[in-house]
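For reference, the structure is listed below as structure tokens.
The values are calculated or read from the model by the stated rules, or taken from the named source; none is laboratory data. Predicted, not measured: the structure shown is a model, and the values here were computed from it. Quick reminder, even Gly has a Cβ in these numbers, built from the backbone with ideal geometry, and neighbours come from all protein chains shown. The accessibility values were calculated without ligands, DNA or RNA, using every heavy atom of the protein model including side chains. Shrake-Rupley method; radii C 1.70, N 1.55, O 1.52, S 1.80 Å.
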Amino acid sequence: ALDDDSIELTISTDSTNAITGMFSGRDLQIFTKGGEFFLPQSTLDPITPTNVVINGATRRGSKEGIKPVGAESGTLFIQRAGKSLREFLFSDVELSYQSNNISLLSSHLLKTPKKMSFRRATSTDDGDLLLIVNGDDGTIAAYSIHRTQKVVAPSELITDGTFEDCGVDQNDIYVIVKRT
């Protein structure tokens, strides 16, 4: 195989893992229904068909249809059942990734998540903002995250009608609301 050829391989696990998302962060991260994996890149050499290695990290699984998003040094994703928001974060001690539960005391705000948008902090006095649109009742679970201060502040947004979608453009947040 040549360096510019495509890469086709099978992740060796004990179950079938349909890929639900990929994210290029510190390493190439692969999110599946059955777990999280990464392609380590210890040097600055590009990933090619001759040097590709896939390592397993955690077995939480990622929800299909919701793309993982990068935040500071981690990657945020919804766990497979939709009841947990997790941060995929590299541990220098273990030389692998951990999947920390960000929604530990606020999983009740996640009600069949269907869309996720992320606004990065734009000044020193605010944190990142993660918006998760719920399919069950049309609310939004909003997470203000300030990782360096170890702050996660969850809240619920409710409107007259139901939130259908949300999006972020730099500082501006847009939502689509269905009203009767």
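Quick grid of which residues meet (1) in a loop (DSSP other than H, G, I, E, B); (2) touching a residue at least 12 places away in the same chain (Cβ under 8 Å); (3) closer than 29 Å to Lys114 by Cβ:
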| position | (1), (2), (3) |
| --- | --- |
| Ile11 | yes, yes, yes |
| Thr20 | no, yes, yes |
| Phe37 | no, yes, yes |
| Pro46 | yes, yes, no |
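Among residues belonging to the stretch 31-79 that are of a type in the set (A, V, I, L, M, F, W, C) and at pLDDT below 90, point out the one that is nearest to the chain's Cα centre (by Cα). Talk me through it step by step, then tell me what you get.
In the first step, residues of the stretch 31-79 are kept if they are of a type in the set (A, V, I, L, M, F, W, C); the result is 31, 37-39, 44, 47, 52-54, 57, 66, 69, 71, 76-78.
Still in the list and also at pLDDT below 90: 39, 44, 47, 52-54, 71.
On the way: Leu39: 17, Leu44: 25, Ile47: 22, Val52: 23, Val53: 22, Ile54: 19, Ala71: 9 Å.
Selected residue: Ala71.
From the residues in the stretch 122-143 that are over 15 Å from the mean Cα position of the chain (by Cα) and hydroxyl-bearing (Ser, Thr, Tyr), which one is modelled with the highest pLDDT? Break it down stepwise before answering.
Here is the first cut: in the stretch 122-143, the ones over 15 Å from the mean Cα position of the chain (by Cα) are 122-127, 134-140.
Subset that is hydroxyl-bearing (Ser, Thr, Tyr): 122-124, 139.
Values: Thr122: 81, Ser123: 80, Thr124: 78, Thr139: 96.
Applying the filter and picking the extreme gives Thr139.
Against the definition (touching a Phe, Trp or Tyr at 6+ places or on another chain (Cβ under 9 Å) and farther than 18 Å from Leu157 by Cβ), how does Pro68 come out, yes or no?
On the way: touching a Phe, Trp or Tyr at 6+ places or on another chain (Cβ under 9 Å): yes; farther than 18 Å from Leu157 by Cβ: yes.
Yes; evaluated as a whole, the condition is true for this residue.
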(1) surrounded by fewer than 19 Cβ atoms within 10 Å (Cβ to Cβ); (2) touching a residue at least 24 places away in the same chain (Cβ under 8 Å); (3) more than 19 Å from Arg119 (Cα to Cα): which one isn't true of Leu28, the others all being true?
(2)
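On the given criteria, is Lys67 assigned to a strand (DSSP E or B) and open to solvent by 60 Å² or more (accessible area, probe 1.4 Å)?
On the way: assigned to a strand (DSSP E or B): no; open to solvent by 60 Å² or more (accessible area, probe 1.4 Å): yes.
No, not satisfied.
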So in the stretch 97-121, with the set limited to residues that are open to solvent by less than 20 Å² (accessible area, probe 1.4 Å) and over 11 Å from the mean Cα position of the chain (by Cα), which one is farthest from Ile158 (Cα to Cα)?
Tyr97
